[in-house]
Amino acid sequence: MAKKVKNRWLIAAAAVGIHISIGSVYSWSVFTNPLREKHDWGLSEISLTFSIAILFLGLSAAFMGHFVERYGPRISGLIASACFGAGLIGAGFADSIGSLYMLYFFYGALGGIGLGIGYITPVSSLVKWFPDRRGLATGLAIMGFGFASLIASPVIAKLINVIGISNTFYLLGVIYFGIMFLSSLYLAPPPKDWQPEEMDERNKKEEKQTKDLAQLTANEAVKTIRFWALWAMLFINVTCGIAVISVASPMAQDIAGLSAGAAATMVGIMGLFNGFGRIGWASVSDYIGRPNVYTTFFALQTVAFLLLPNVTNAFLFQLLIYVILTCYGGGFASVPAYIGDLFGTKQLGAIHGYILTAWAAAGLVGPLVVSWIRETTNSYSLTLYIFTGAFVAALAISILIRINIRNIRRANNNTQAAG
């Protein structure tokens, strides 16, 4: 008897389960004031926990990508579940004994490792399960990461008030471990040479005509110009986006004159555009292509960042911020499908892990740059103009990578014709 093939939409749902769990890291700021009041720790000391988690996310994604490819999404997903769950439970223990360094170790380092492995675990499988809708599939999962804080933040705030900080960490650890564990059990790569029944003959023909540029291993991919072009584009997109996220409220008050309450509302709505940008742009990329989407990202953001310093109209200022956030989220969600287009699916998880080091670097650089320039110049304008220049560079890179792709396709076609 032929082995029953799993439902690819349930695979996608399992991926969302993992990402919506680990995405709760974006709710870290909810813990800030309660931890300050309880332990008298400084704001920067508590914020460092989040920075450590993002750093370890990038590092573990880079170093564990080969592990994910070798042992498959189920094993790596279970390891991610254990690390992230233990990190949260350990954070509760750190709070109970008042140890900041234990908090760094458990939530920052151990939890961060769970974040990194959990982030890349479903992606390579999803790309293989959805050869006809790569952008949509990865966008669905990564949308869960973006939307997670909208769900988690109010729940965490309520739990802290009702059961305290330590018990909140314990409860979250158990719940997220359970969701990730069960989701991981269903994950699996598709059978060899599998294609979905939904793909009709025309779609199969189109997919064959627009096949991946190459089938490379991770170590082969990093030796190509297009790998570093993709790395640079993600780094610029995340650096500028995460910098805006880190100072959105005070910047809106300084430049556009929003009240503190209106600025806080804007920050909440930014989360929606971040999430919708992930599924929206990734889905659009299935129709217009990843190169066109990235060129559009950078053209839009060049204009947005150039206008922002001089926009005093509150509505227009917020509109530009929301456009930037859709591009920020869309950049994350479109990357896995773009990797598949450029390097194939042979070691997509490992290549994705290497690319995500751009996120780790950007997470450290972006907020530091914008804060330093703001303190030095007493203005956000210079920062925004610098970011405008960065997006001009990113736009140029996006055009160069298109030329590189076209040249490789032409060379491949000539080789096939000669053969």
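The values are calculated or read from the model by the stated rules, or taken from the named source; none is laboratory data. Not measured: the values here are computed from a predicted model. So basically every Cβ, Gly included, is an ideal-geometry build from the backbone, and we count neighbours across all protein chains shown. Side chains included, ligands, DNA and RNA excluded: accessible areas come from the protein's heavy atoms. Shrake-Rupley method; radii C 1.70, N 1.55, O 1.52, S 1.80 Å.
Size check on the stretch 169-308: the Cα extents along the three principal axes, sorted descending, read 57, 44, 34 Å.
Probing with 1.4 Å while keeping every protein chain in the model, the per residue accessible area of the stretch 1-147 equals 37 Å².
Ranked from largest, the principal axis spans of the Cα set of the chain equal 71, 55, 34 Å. By its C-alpha gyration tensor, with a ≥ b ≥ c as the square roots of the eigenvalues, how is the stretch 95-156 shaped: rounded for a/c under 1.5, else prolate for a/b larger than b/c, else oblate? In terms of gyration-tensor shape, oblate.
Taking a threshold of 32 Å on the Cα-Cα distance, which of the pairs 4/223; 6/346; 6/223; 4/346 fall above it? In this structure, 4/223; 6/223 exceed 32 Å between Cα atoms.
If you take the square roots of the eigenvalues of the alpha-carbon gyration tensor of the stretch 1-117 and sort them as a ≥ b ≥ c, do you get rounded (a/c under 1.5), prolate (a/b over b/c) or oblate? Note, shape of the stretch 1-117 comes out prolate. On the beta carbon distance between residue 197 and residue 223, with R0 = 45 Å, the FRET formula returns roughly 0.75.
Looking at the stretch 165-304, the accessible area is 47 square angstrom per residue; that uses a 1.4 Å probe and ignores ligands, DNA and RNA. The stretch 12-52 to the stretch 360-405: how many Å between their Cα centroids? When both Cα centres are located, 25 Å separates them. Calculate, for residue 381 and residue 288, the FRET efficiency according to 1/(1 + (r/R0)^6) with r their C-beta to C-beta distance and R0 22 Å; round to the nearest 0.05. That gives a FRET efficiency of 0.05.
Protein heavy-atom surface of the chain, 1.4 angstrom probe: 65% of the accessible area is carbon and sulfur, with nucleic acids and ligands not counted.
When the Cα positions of 333, 319, 287 are compared along the charge dipole of the chain, 287 comes out farthest toward the positive end, with charges on each C-beta of Lys, Arg, Asp and Glu.
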